[in-house]
Amino acid sequence: MIIRFPLLSGNDDYNLPGKGGGCIVCNTSFRSGFAYLSAGATYDHLESRIDDKELGAFFHVGYHGSHSDMSDSGGVEVVKDLKGGQFDLQFCSTSCLRQFLSSLVDEVEKSIGQNKEVASEKEKEAP
Ligand SMILES: [Zn+2]
């Protein structure tokens, strides 16, 4: 499974894989159903509603460490400022959904500490 993040951004269609596409993980077509991860933003005020097009959906998974410079933290932007404010990621089975979520956590773990060089450069610059 090779997935490049963010999966969706900007003016992409909110639905992944979209019509005719296969499972995000194994590319199997959806024959008898699918598992999904659906999320987004809503805005509803008593006196005014805004156009959905003004909403930007995001989905960020990460780890926040204890260092103030975030050198022991990391994260993955799965969906970044997707116009329309919502998205659906679809999988052929709960097994593929589980594999996707587990791989996502793997990506978060890989990203932790990637700011170490930045942190050590800041330490050198400090008086
Ligand atoms: Zn699948």
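Nothing in this text is a laboratory measurement; each read-out follows from the coordinates by a stated rule. Please read all numbers here as calculations on a predicted model, not as lab measurements. Please note: Cβ atoms are built from the backbone with ideal geometry, for glycine as well, and neighbour counts cover all protein chains shown.
Structure summary
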{"item": "Positions within region 67-100 being under 10 Å from the mean Cα position of the chain (by Cα) and free of Cβ contacts under 8 Å to residues at least 60 places away in the same chain, in sequence order", "result": "Gly75"}
{"item": "Contacts under 7 angstrom Cβ, first residue in region 4-23 being touching a residue at least 40 places away in the same chain (Cβ under 8 Å) and at negative phi, partner assigned to a loop (DSSP other than H, G, I, E, B) and within 16 Å of the ligand (Cβ to nearest atom), 6 or more apart", "result": "Leu16/Leu7; Leu16/Ile24; Pro17/Ile24; Gly22/Thr28; Gly22/Ser29; Cys23/Cys92"}
{"item": "Which listed residue is within 16 Å of the ligand (Cβ to nearest atom), small (Gly, Ala, Ser) and either under 20 Å from Asp81 (Cα atoms) or over 21 Å from the mean Cα position of the chain (by Cα) (or both), from Gly33, Gly56", "result": "Gly33"}
{"item": "Top-ranked residue of region 1-21 - restricted to ones that are closer than 23 Å to Lys83 by Cα and more than 15 Å from the chain's Cα centre (by Cα), ranked as nearest to the ligand (Cβ to nearest atom)", "result": "Gly21"}
{"item": "Any hit, region 14-26, residues being surrounded by 16 or more Cβ atoms within 10 Å (Cβ to Cβ), among the aliphatic types (A, V, I, L, M) and under 13 Å from Ser93 (Cβ atoms)", "result": "yes"}
{"item": "Selection count where residues are aliphatic (A, V, I, L, M) and over 23 Å from Asn11 (Cα atoms), scope region 58-86", "result": "1"}
